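What follows is a single structure, written as structure tokens, with notes after it.
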Amino acid sequence: MGVLTATTRAVLDTLVLATSEGSLEAKQCTAALGWLYEELAATDNKKFGKYGAHLLADYVAACCDSVSVERRRAVLTPHAAAGLRPGAHALMGACGQHDLEGMFAAAGSTRRLVLVQLKEAFDRDYKYTGKV
């Protein structure tokens with residue numbers, strides 16, 4: 001699973017560095033990564049466990065922090081963040097209460113604000129409408 005989290009982080013970094021948010025590649029990357037987040041959240045929690053919190057933390061960091069890859073700095077575009085939000089909601093649903101509390105405790109002010117907004121949207125839009 002460590003390889004999986006590193007791979008999804010690399011894909012997220014690549015998406016962050018995509019300069020044209022309307023490009024076909026950026027849209028395909030956003031859709032594929034969102035789908036991957038949802039599928040990983042739907043897996044058995046014994047196998048997935050703590051990695052969901054790491055993936056969610058990567059999403060939150062990409063939404064609000066500058067990512068430095070190959071000496072270029074960028075943040076996730078609002079269009080890409082919105083495309084990944086359903087996958088982030090699925091990851092939030094898969095995380096345990098202990099993991100979420102740890103994320104809130106470790107987050108700085110900007111990340112905590114993104115987490116609060118994500119949690120409110122999760123409670124409002126996703127929590128009671130998941131897969132049946």
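Let me check against my output: what whole-number percent is the relative contact order of the stretch 2-126, with C-alpha pairs under 8 Å and at least 6 apart? Could the numbers behind the result be given before it?
Values: 128 pairs, mean separation 39.2, N = 125.
Computed value for the stretch 2-126: 31 percent relative contact order.
What net charge is computed for the residues neighbouring Ala53, neighbours being all others with C-beta under 12 Å from the C-beta of Ala53, Lys and Arg scored +1, Asp and Glu -1? Don't skip to the answer; put the middle values down first.
Details: positive: Lys50; negative: Asp58, Asp99, Glu101.
That sum, taken over residues with Cβ under 12 Å, equals -2.
Can you order the peptides 115-122, 103-110 by their average number of other Cβ atoms within 10 Å per residue, highest first? Intermediate results must be reported in sequence, preceding the final value.
Numbers: 115-122: 15.5, 103-110: 12.2.
So the peptides 115-122, 103-110, ranked by packing, come out 115-122, 103-110.
Would you please give the residues with an amide H less than 5 Å from that of Gly96, counting only those at least 5 places away or on a separate chain, with H modeled from the backbone geometry?
Those lying under 5 Å, H to H, from Gly96: there are none.
For the stretch 79-96, what does the Karplus curve 6.51 cos²θ - 1.76 cosθ + 1.60, with θ = phi - 60°, yield as ³J(HN,Hα) per residue in whole Hz, taken in order and with x for Gly and Pro?
So the J values, rounded to whole Hz, are 5, 5, 4, 5, x, 8, 4, x, x, 5, 5, 5, 5, 5, x, 7, 6, x.
Taking 0.36 nm per residue of sequence separation and subtracting the Cα-Cα distance, how much length would be gained by fully extending the chain between His79 and Ala6, in nm to one decimal? Could you put the intermediate results ahead of the total?
On the way: separation 73, 0.36 × 73 = 26.28 nm, distance 2.31 nm.
Extending this stretch completely gives an extra 24.0 nm.
Be a star and scan the stretch 71-113 for residues whose amide nitrogen sits under 20 Å from the point 7 Å along the Cα-to-Cβ vector of Lys127.
Flagged as within label range: 85-105, 112-113.
Readers should treat all values here as calculations from the given coordinates under stated rules, not as data from a laboratory. Just so it is clear, the structure is predicted and the values come from calculations on it, not from any experiment. No Cβ is skipped: glycine too gets one built from the backbone with ideal geometry, and neighbour counts run over all protein chains shown.
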